[in-house]
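The values are calculated or read from the model by the stated rules, or taken from the named source; none is laboratory data. Predicted, not measured: the structure shown is a model, and the values here were computed from it. Methodologically, a virtual Cβ is constructed for each residue, glycine included, from the backbone with ideal geometry; neighbour enumeration extends over all protein chains shown.
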Amino acid sequence: MPTAAFPRDIFEPEHEDFRKTVRTFFEKEVVPHHDQWEKDGIVPRELWLKAGEAGLLCFDVPEEYGGPGIDDFRFNQILAEEQTRAGTAGPGFPVHTDIIVPYITQLGTEEQKRRWLPGCVSGEIITSIAMTEPGAGSDLQGVRTTAVDKGDHYVLNGSKTFISNGILSDLVIVVAKTDPEAGHKGISLFVVERGMAGFERGRNLDKVGLHAQDTAELFFDNVQVPKENLLGEEGQGFIYLMMNLPQERLAIAMQGAAACMGLVEMCLQYATERQAFGRPIGKFQHNRFLVAEMATEARIAQVFVDDCIKKHLAGQCDSTLASMAKWWVTELQNKLAGKAVQLHGGYGYMMEYPVAKAFLDSRISTIYGGTTEVQKEIIGRSLGL
């Protein structure tokens, strides 16, 4: 079958060996069950334990806390690519590994790291981060959840929504205001644990796509959070979020680039196999040009993301570059998904075809992690505008 793949110089042999491990895991443990998990709206906790046993979680956690101690984001990239290739967006491994656990690794006290990190690596502890609220999304300074200092603990009140891993999570990093009058300097991060009195989960939200990935509402009613569950320093939460958002946005761009390549492969296969007027539809100039354009744009996206990863490894991928990658690649992902459905015709509208699910799953990519409009605002400001 024709392929849109091309040589890439970013990976070493050990990365490709790891890719084989990841691909085998998804083909064996995830693909056969994913349709059912989409109906259930959640994946089983046992899958997380299997992922931990296979070494697919929290690569950068140091060995003294149970991790492999591999500070190489290319392993994260391979996991994102293989999960996207398999069309199995349900397991929230990237959210856990790329976005949330690094907060604990970077900001946690020695006691916090020893208490939480081993379980994060093994899959016994699943994590989420609670930023978005019903009335505050991209504007983190607008959060209304509060944490009041009561001496030996904080009292947390508020609600969050659209929280990935929200149903399964055992640890939730909650963004709250400790000083409502101090603007961004009054924001702090707290780790809320499953079972704390007053911490309740709402419904598992019914989304357009990503049906197997649990996304929840969370409620905090006078939750007593021990002082030892403050993450980092009080009042520094906004700064911590800004420090970690570039990696989150780069992680979304990685998934987007992989999705673009996957869409091209779907179209190549369909254009080769589908017949119309006595010949493969790819032999018609319009379709041939369409797939040629898609393959070119997908390759540009992948080369751009690979370059961003190289810069990230060297500590040179700042928030502006990450924002460029996030908005451009995810907008392309949505554009190619629409073209792919059109090429497939009526079959593209059928959920039994992977292109239909890819179309639905792609729509959130320009929204979560900061909307396209927010990314452009960040870039524009960096240009002095």
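Conditions: (1) part of a strand (DSSP E or B); (2) without any contact (Cβ under 8 Å) to a residue 24 or more places away in the chain. Residue 189 meets all but one. Number of the miss?
(2)
Please specify each residue of the stretch 76-129 satisfying the condition of being more than 17 Å from residue 368 (Cα to Cα) and charged (D, E, K, R).
Matches in the stretch 76-129: 81, 82, 85, 110, 111, 113, 114, 115, 124.
Counting only residues that are within 19 Å of residue 114 (Cβ to Cβ), of a type outside the set (Ser, Thr, Tyr) and in contact with a Phe, Trp or Tyr (Cβ under 9 Å, 6 or more places away or on another chain), how many does the stretch 60-70 have?
Residues that pass the stated criteria total 4.
Counting just the residues of the stretch 309-328 that are in contact with a Phe, Trp or Tyr (Cβ under 7 Å, 6 or more places away or on another chain) and among the aliphatic types (A, V, I, L, M), which one comes out nearest to residue 296 (Cα to Cα)? Break it down stepwise before answering.
Pass one, the stretch 309-328, residues in contact with a Phe, Trp or Tyr (Cβ under 7 Å, 6 or more places away or on another chain): 309, 312-313, 325.
Narrowing the set further to residues that are among the aliphatic types (A, V, I, L, M) leaves 309, 313, 325.
Numbers: 309: 20, 313: 26, 325: 17 Å.
Taking the candidates together, the pick is 325.
Can you go through 96, 153 and tell me which one is in the same structural domain as residue 223 (by TED's automatic domain parsing) and at pLDDT 95 or above?
Only one candidate passes the filter, namely 153.
Restricting attention to the stretch 122-132, does a residue exist that is free of Cβ contacts under 8 Å to residues at least 40 places away in the same chain, part of a helix (DSSP H, G or I) and over 17 Å from the mean Cα position of the chain (by Cα)?
no
Within the stretch 19-56, which residues are touching a Phe, Trp or Tyr at 6+ places or on another chain (Cβ under 6 Å) and farther than 30 Å from residue 203 by Cα?
Listed by number, the list holds a single entry, 54.
Restricting to the stretch 211-239, name every residue that is in a helix (DSSP H, G or I) and either within 18 Å of residue 148 (Cβ to Cβ) or touching a strand residue (DSSP E or B) at 6+ places or on another chain (Cβ under 6 Å) (or both). Full working, then the answer.
Taking the stretch 211-239 first, the residues in a helix (DSSP H, G or I) are 227-229, 237-239.
Correct list: 227, 228, 229, 237, 238.
Of all residues in the stretch 267-279, which are without any contact (Cβ under 8 Å) to a residue 60 or more places away in the chain and within 20 Å of residue 5 (Cβ to Cβ)?
The one that is without any contact (Cβ under 8 Å) to a residue 60 or more places away in the chain and within 20 Å of residue 5 (Cβ to Cβ): 273.
Name the pairs: first residue in the stretch 1-19 and over 30 Å from residue 290 (Cβ atoms), second residue of a type in the set (D, E, K, R) and not in a loop (DSSP other than H, G, I, E, B), Cβ to Cβ under 6 Å, at least 6 apart or on different chains?
15/74
Scan the stretch 120-134 and tell me whether some residue there is among the polar types (S, T, N, Q), closer than 16 Å to residue 248 by Cα and surrounded by fewer than 17 Cβ atoms within 10 Å (Cβ to Cβ).
In the first step, residues of the stretch 120-134 are kept if they are among the polar types (S, T, N, Q); the result is 122, 127-128, 132.
With closer than 16 Å to residue 248 by Cα added as a condition, the list becomes 127-128, 132.
If we keep only those that are surrounded by fewer than 17 Cβ atoms within 10 Å (Cβ to Cβ) too, we end up with none.
For the stretch 120-134, residues among the polar types (S, T, N, Q), closer than 16 Å to residue 248 by Cα and surrounded by fewer than 17 Cβ atoms within 10 Å (Cβ to Cβ): absent.
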